[in-house]
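The values are calculated or read from the model by the stated rules, or taken from the named source; none is laboratory data. Here the structure is a predicted model, which means the values were calculated and not measured. Note that we place each Cβ from the backbone using ideal geometry, even for glycine, and neighbour counts take in every protein chain shown.
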Amino acid sequence: MNRRDFIKIAGLSLIAPQLLAQKTDPTINSKTLVLLELKGGNDGLNTVVPYSDEKYYKLRPQLAVRREQVLQLSPELGLNPVMEKFMPIWQEKELAVICGVGYPEPNRSHFRSIEIWETGSDSNDYLQDGWIARLFEESDPGKLLADGIILGNNEGGPLAGLNMRNIFMRNPKQFFQQAKKLKELQAKTNNNALKHLLKVQQDIHTAAQDLEKKVMENSMAGSQFPPSQIGKQLQIAANIITSDTPVAVIKVSHGGFDTHSGQRAKHDRLLQQLSNALHSFRKTLIEKGKWNDTLVMTYSEFGRRAYENGSKGTDHGTAAPHFMMGGKVRGGIYGKQPELTELKKGDLVYHVDYRSMYSTVANKWWNVSNDFSKDYEMINCIKS
């Protein structure tokens with residue numbers, strides 16, 4: 001049996017073999033970060049709308065959100081009206097809107113730009129490990145079942161790293177069923193690499209048993225979640241958090257934001273799904289007393305261009321707003337909205353380096369030091 005055969009039989013993404021090794025410095029294990037990827041490049045101007053700027057309506061005669069429909073956050077900015085379930089979070093001052101997020105010399109390739117975001121690199125640097133993986137190498141995350149749980153796909157992204165203890169789980173029931181089958185797998189070999197994989201097999205089985213006990217048997221008397229994919233992922237995330245499973249990061253993804261044509265209906269649907277799912281997620285965690293220990297942060301490879309294209313859509317752009325929300329978030333508008341009269345090659349000019357968000361998470365949320373804090377100013381949106 002070789003490595004390829006083993007993985008095929010296992011049917012699982014692997015967890016590092018030290019998964020259940022107990023670390024000694026519990027600096028992170030009481031707080032969970034939920035990373036929410038908006039895959040495809042979210043259009044920031046139709047998410048956080050500069051409704052008082054006439055230039056917005058000139059640039060987007062077909063796509064612009066009408067002024068009277070906007071959910072006002074300030075005299076200048078408002079949310080897309082389909083995001084009405086964000087408003088109670090805003091009114092409770094638990095939603096931070098961070099405007100103009102981007103980076104120097106932006107790259108408009110999906111693959112390369114998301115790689116930049118997930119590794120925390122400059123646009124011309126290539127790093128192998130994710131920014132959280134590097135942070136955890138420097139700062140012990142404490143006693144955890146896993147460093148990260150990735151839902152919805154098999155992309156570790158910010159959690160990718162050789163020493164990371166990650167669980168990839170598209171479908172919890174299927175994951176647990178497959179993990180149980182690993183116990184039955186028998187093999188005799190003199191191949192040291194395969195021996196290592198068989199040790200990983202046992203770790204997966206042990207971790208899966210622990211997860212199943214905590215998650216699948218958790219009677220969560222929580223809110224009804226919407227049937228969208230992001231709704232299902234956030235329901236699993238809520239179940240993990242409310243079952244007191246010690247995990248530092250849960251990564252979820254919401255796809256479909258590459259809206260080159262017919263954007264308005266598609267984008268509105270995606271934003272409504274996001275709003276509804278996060279509303280249920282928050283409500284559930286409040287009911288279970290876990291909202292203060294949870295931080296949600298969005299990210300996406302780029303925003304969209306300021307002007308609409310000829311197909312009633314938008315093309316790859318640069319800066320965009322992002323959200324942080326949680327019981328310990330200091331709600332408000334942060335950063336600076338890009339000026340529509342000061343475009344650079346048709347793109348919005350960024351004002352907040354995306355690594356400032358990472359520095360904020362590391363220093364203000366987890367209270368650990370990291371490389372980002374040396375060069376990037378933190379955002380004062382998390383209460384101490």
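The set of residues in the stretch 330-365 being hydrophobic (A, V, I, L, M, F, W, C) and either under 22 Å from the mean Cα position of the chain (by Cα) or outside any loop (DSSP other than H, G, I, E, B) (or both) consists of 333, 352, 357, 361, 362, 365. Screening residue 35 on (1) more than 26 Å from residue 343 (Cα to Cα); (2) without any contact (Cβ under 8 Å) to a residue 12 or more places away in the chain shows it passes everything except condition (2). Scan the stretch 69-89 for residues that are in a helix (DSSP H, G or I) and either farther than 25 Å from residue 311 by Cα or in contact with a Lys or Arg (Cβ under 9 Å, 6 or more places away or on another chain) (or both) and the total you get is 8. Per the listing 245, 259, the residue uniquely modelled with pLDDT under 95, in a loop (DSSP other than H, G, I, E, B) and touching a Lys or Arg at 6+ places or on another chain (Cβ under 7 Å) is 245.
Could you tell me whether any residue of the stretch 51-64 is crowded, with 18+ Cβ neighbours inside 10 Å and touching a Gly at 6+ places or on another chain (Cβ under 9 Å)? Yes, the stretch 51-64 has at least one match. Filtered by the rule that a residue be of a type in the set (Asp, Glu) and under 12 Å from the mean Cα position of the chain (by Cα), the stretch 142-165 gives a lone residue, 155. Please go through the stretch 338-384 and pick out each residue that is farther than 15 Å from residue 303 by Cβ and among the β-branched types (Val, Ile, Thr). If the condition is that a residue be farther than 15 Å from residue 303 by Cβ and among the β-branched types (Val, Ile, Thr), then 341, 360, 361, 368, 379, 382 are the ones that fit. Here's a check for you: in the stretch 273-304, which residue that is in a helix (DSSP H, G or I) and of a type in the set (Ser, Thr, Tyr) is nearest to the chain's Cα centre (by Cα)? Selected residue: 275. Checked against (1) touching a residue at least 24 places away in the same chain (Cβ under 8 Å); (2) within 24 Å of residue 295 (Cβ to Cβ); (3) not β-branched (Val, Ile, Thr), residue 91 passes all but condition (1). Please indicate, with yes or no, whether at least one residue in the stretch 245-253 is surrounded by fewer than 22 Cβ atoms within 10 Å (Cβ to Cβ) and under 25 Å from residue 99 (Cα atoms). There is at least one residue in the stretch 245-253 that is surrounded by fewer than 22 Cβ atoms within 10 Å (Cβ to Cβ) and under 25 Å from residue 99 (Cα atoms).
Look at (1) at pLDDT 95 or above; (2) buried (at least 21 other Cβ atoms within 10 Å of the Cβ) and you find that residue 311 fails only one, number (2). Please work out which residue is modelled with the highest pLDDT, limiting yourself to the stretch 366-384 and to residues that are acidic (Asp, Glu) and assigned to a loop (DSSP other than H, G, I, E, B). That would be 377.
Scanning the stretch 103-131 for residues that are outside any loop (DSSP other than H, G, I, E, B) and touching a strand residue (DSSP E or B) at 6+ places or on another chain (Cβ under 6 Å) turns up just one, 117. Mind checking whether some residue in the stretch 25-32 is under 19 Å from residue 330 (Cα atoms), at pLDDT 95 or above and surrounded by fewer than 18 Cβ atoms within 10 Å (Cβ to Cβ)? No, every residue in the stretch 25-32 fails to be under 19 Å from residue 330 (Cα atoms), at pLDDT 95 or above and surrounded by fewer than 18 Cβ atoms within 10 Å (Cβ to Cβ). Note on the stretch 65-85: among residues that are charged (D, E, K, R) and over 11 Å from residue 275 (Cα atoms), the one that is surrounded by the fewest Cβ atoms within 10 Å (Cβ to Cβ) is 68.
Within the stretch 305-329, the set of residues being out of contact with any Leu (no Cβ under 8 Å at 6 or more places or on another chain) and in a strand (DSSP E or B) comprises 316, 321, 322.
Results for (1) more than 29 Å from residue 280 (Cβ to Cβ); (2) out of contact with any Phe, Trp or Tyr (no Cβ under 8 Å at 6 or more places or on another chain); (3) acidic (Asp, Glu), shown as yes or no for each residue.
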| position | (1), (2), (3) |
| --- | --- |
| 38 | no, no, no |
| 43 | no, no, yes |
| 46 | no, yes, no |
| 67 | yes, no, no |
| 70 | no, no, no |
